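Data first, discussion second: the structure below is written as structure tokens.
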Amino acid sequence: MTIERFEVPGLAQFSYMVEDSGEAIVIDPMRDITRYLDAAAAKDWKITRVVETHIHADYASGAKALAERTGAELAVSAHDDGERFQYSMPHRCLRDSDVIQVGKVQLKALHTPGHTPEHLSFVLYEQGTSEPVAIFTGDFLFVGSLGRPDLLGEAETARLATELYRSVSQRIAALPDALNVYPGHGAGSLCGAGMSDRPESTLGEERATNPYFNYGEQEFVRKILDASPEMPTYYPRMKELNSVGAAAFESLQELKALSVEEVADSSAVVIDLRKPEAFGEAHIPGALNIGLGGNIAMWAGWLLLPQADVIFAGETEDDYREARTALARVGLDRVAGYLRGGMAAWIASGRSTAQTKQATASDVEQASGAVILDVRNAAERAHGGIAGAHGIALGDLPTALRGLNREQEIVAVCGSGYRSSAAASLLQRAGFAHVSHLAGGIAAWESRSS
């Protein structure tokens, strides 16, 4: 038996392939399914089953496309009956205790609701053993944390938080401490708070160190709700998409190289993929700086409307392919193409460019009367920042623009400069006249006197 993990940095998403006797099952595949096909082909494995732990909110699933491409059986939760989001693509319905056979091993479905109503975990048994060897917990149990229970809105949150408590305290209570735990996410995902950067654990370790295993019900509910991080606005859209199944990544149109004239005449949103320093020196007026160096999938999903056409400006064709894949992972498929020759071609054409000032810590100290706009999240701001700063998390900025003075000087600030450059570009695109961002972020601010 072999267990292989696949990771997507940024989204901090884990999917798995379990193989035995040449047969393989894929658990929670991403939309870009080539990785699973290539891995199986390289080892002469046949993918015969595809399963999901739940209807995902943070990324577009590749389960439907992978099953169609390989002829594998698609098996998903039947506990979505009567719920807001329900699977509608052809599939095998799995209920609690149902078993999936792969080679000589078995995966037993275990209903573990709380993150979502239909959530399943999969308990792995090897042939001839009564004790399980592993559990694939999806977004129910993470290393050091649990999945957030507030994805369906305020009306459902209390119910799901209680279900989550029961999943922890009752539904997995009989499983052994030695059980290996393979979660659906690691540190950096917003599907829960306080996750460890370790990719796996054991159930015994979680019982000993994960704080949510040691609370009574009332304290558990309060703690899990207080800990839930901000929720990206695109999450409900992803759940709708994954309920019906995203179109295969390979079905999307090929990236097209566009001339300077075509880009200039287009109404598409230009996404500049370069680092903040390069973007600040010169960029296409109105472009948004969502760089490849950070979590482009999450921020594009959060900041862009799904009906908007997108054009990339960057440096290499590899950049454009990577960005295209990242956007597809959050269901943003309307990519019109990329600027042939990048910014060098735009500048050589003589067309106008825009700049974003890269402010230093000294500039910020001397910016009397300026609004210091801290676009980190509330938890980050609680650990310190610039005195008097106005806090609006980057994801909330598009809906908060009307509350800001378009003529006032604004200096955007974040942890490193990535989010603040994105925020500054968003403000400039919206017509704000005097915008800069703190190069190096809070780290630069805190080291200003050292």
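Given the C-alpha centroids of the stretch 105-180 and the stretch 296-339, what is the distance between them in whole angstrom?
First find each Cα centre; the distance between them is then 34 Å.
Could you sort Asp319, Asp177 by their accessible area in this structure, using a 1.4 Å probe and putting the largest first?
Details: Asp319 35, Asp177 90 Å².
Largest to smallest exposure gives the sequence Asp177, Asp319.
What FRET efficiency, computed as 1/(1 + (r/R0)^6) with R0 = 51 Å and r the Cβ-Cβ distance, is obtained for Gln218 and Ala282, rounded to the nearest 0.05?
Numbers: r = 57 Å, r/R0 = 1.11.
It comes out at approximately 0.35.
Which residue, Ala161, Ala382, Ala40, has the most motion in a Gaussian network model of the chain that connects Cα atoms within less than 10 Å?
Evaluated over the chain, the most mobile residue of the options is Ala382.
Compute the Cα gyration tensor for the stretch 266-325, then decide on rounded, prolate or oblate, letting a ≥ b ≥ c be the square roots of its eigenvalues: rounded whenever a/c is under 1.5, prolate when a/b is larger than b/c in the other cases, and oblate in all that remain. All intermediate terms of the calculation are to be shown ahead of the outcome.
Details: a/c = 1.40, a/b = 1.15, b/c = 1.22.
Rounded, since a/c falls under 1.5.
Using the Karplus curve 6.51 cos²θ - 1.76 cosθ + 1.60 with θ = phi - 60°, work out ³J(HN,Hα) for each residue of the stretch 15-29 in order, rounded to whole Hz, and write x for Gly and Pro.
For the stretch 15-29, the Karplus curve yields 10, 9, 10, 10, 10, 8, 6, x, 9, 9, 10, 10, 10, 6, x Hz.
With a 1.4 Å probe and all protein chains left in place, how much accessible area per residue does the chain have, in Å²? Could the numbers behind the result be given before it?
Details: 18210 Å² over 450 residues.
For the chain, the solvent-accessible area averages 40 Å² per residue.
Can you send over the carbon and sulfur percentage of the accessible area for the chain, probe radius 1.4 Å, protein chains only? The partial results should precede the final answer.
Numbers: 8530 of 18210 Å².
That share works out to 47 percent.
Taking the Cα centre of each part, how many Å lie between the stretch 392-450 and the stretch 14-44?
Between the Cα centres of the stretch 392-450 and the stretch 14-44 lies a distance of 42 Å.
Order these peptides, 434-443, 362-371, 206-215, by their mean beta-carbon neighbour count within 10 angstrom, highest first.
On the way: 434-443: 22.5, 362-371: 12.5, 206-215: 16.5.
Sorting 434-443, 362-371, 206-215 by mean packing, highest first, produces 434-443, 206-215, 362-371.
Tell me the chymotrypsin sites (Phe, Trp or Tyr not before Pro) within the stretch 113-163 that lie in a loop according to DSSP and have at most 14 other beta-carbon atoms within 10 Å. Intermediate results must be reported in sequence, preceding the final value.
Working: sites: Phe122, Tyr125, Phe136, Phe140, Phe142; in loops: Phe140.
Answer in residue order: no site qualifies.
List the trypsin sites (Lys or Arg not before Pro) in the stretch 17-54 that DSSP assigns to loop (not H, G, I, E or B) and whose Cβ has at most 16 other Cβ atoms within 10 Å. Which are they? Mind showing how you got there, number by number?
Values: sites: Arg31, Arg35, Lys43, Lys46, Arg49; in loops: Arg31, Lys43.
Here the sparse-neighbourhood loop sites are Lys43.
Round to the nearest 0.05 the FRET efficiency obtained for Gln253 and Met89 when R0 = 25 Å and r is the Cβ-Cβ distance. List each step's numbers first, then the result.
On the way: r = 23 Å, r/R0 = 0.90.
Result of the calculation: an efficiency of 0.65.
Using the structure shown, list the pairs from Lys64/Lys104; Lys43/Lys64; Lys46/Lys104 with a Cα-Cα distance above 18 Å, or answer none. Intermediate results must be reported in sequence, preceding the final value.
Values: Lys64/Lys104 25 Å; Lys43/Lys64 23 Å; Lys46/Lys104 14 Å.
Long pairs (Cα-Cα over 18 Å): Lys64/Lys104; Lys43/Lys64.
How long are the three semi-axes of the equivalent ellipsoid of the stretch 218-325, in whole Å, if each is the root of 5 times an eigenvalue of the C-alpha gyration tensor, listed from largest down?
Numbers: eigenvalues 200, 73, 30 Å².
Semi-axis lengths for the stretch 218-325 are 32, 19, 12 Å.
I'd like the trypsin sites (Lys or Arg not before Pro) in the stretch 228-271 restricted to DSSP loop residues with at most 11 other Cβ atoms within 10 Å, sorted by number.
On the way: sites: Arg237, Lys239, Lys256; in loops: Lys256.
Nothing satisfies the criteria.
Report the residue, chosen from Ala72, Ala323, Ala345, that carries the largest GNM mean-square fluctuation when the chain is represented by alpha-carbon nodes joined by springs under 10 Å.
Largest GNM mean-square fluctuation: Ala345.
How would the stretch 281-368 be classified by its alpha-carbon gyration tensor: rounded, prolate or oblate, with rounded meaning a/c under 1.5 and the a/b versus b/c comparison settling the rest?
On the way: a/c = 2.18, a/b = 1.34, b/c = 1.62.
Verdict is oblate for the stretch 281-368.
Quick check on the chain: helices-only [θ] at 222 nm, where DSSP H runs of length 4 and up contribute -39,500 (n - 2.57) each and the sum goes over total residues. Nearest 500, please. Write out the running numbers ahead of the final one.
Numbers: 16 runs with 129 residues, N = 450.
Theoretical 222 nm ellipticity from helices: -7500 deg cm²/dmol.
Could you name the lysines in cross-link range of Lys223, using Cα to Cα under 29 Å and dropping any fewer than eight places away on the same chain?
Cα-Cα hits under 29 Å: Lys239.
Would you mind getting the Kirkwood hydrodynamic radius of the stretch 1-122 from its Cα pairs, rounded to one decimal in Å? Spell out each step's value before the answer.
Working: mean 1/r = 0.0689 Å⁻¹.
Value: 14.5 Å, from the Cα pair sum.
The values are calculated or read from the model by the stated rules, or taken from the named source; none is laboratory data. Computed from a predicted model, the values in this text were never measured in an experiment. For neighbour counting, all protein chains shown are included, and Cβ atoms are generated from backbone atoms with ideal geometry for every residue, glycine included. Surface accessibility is based on the protein's heavy atoms, side chains included, excluding ligands, DNA and RNA. Shrake-Rupley method; radii C 1.70, N 1.55, O 1.52, S 1.80 Å.
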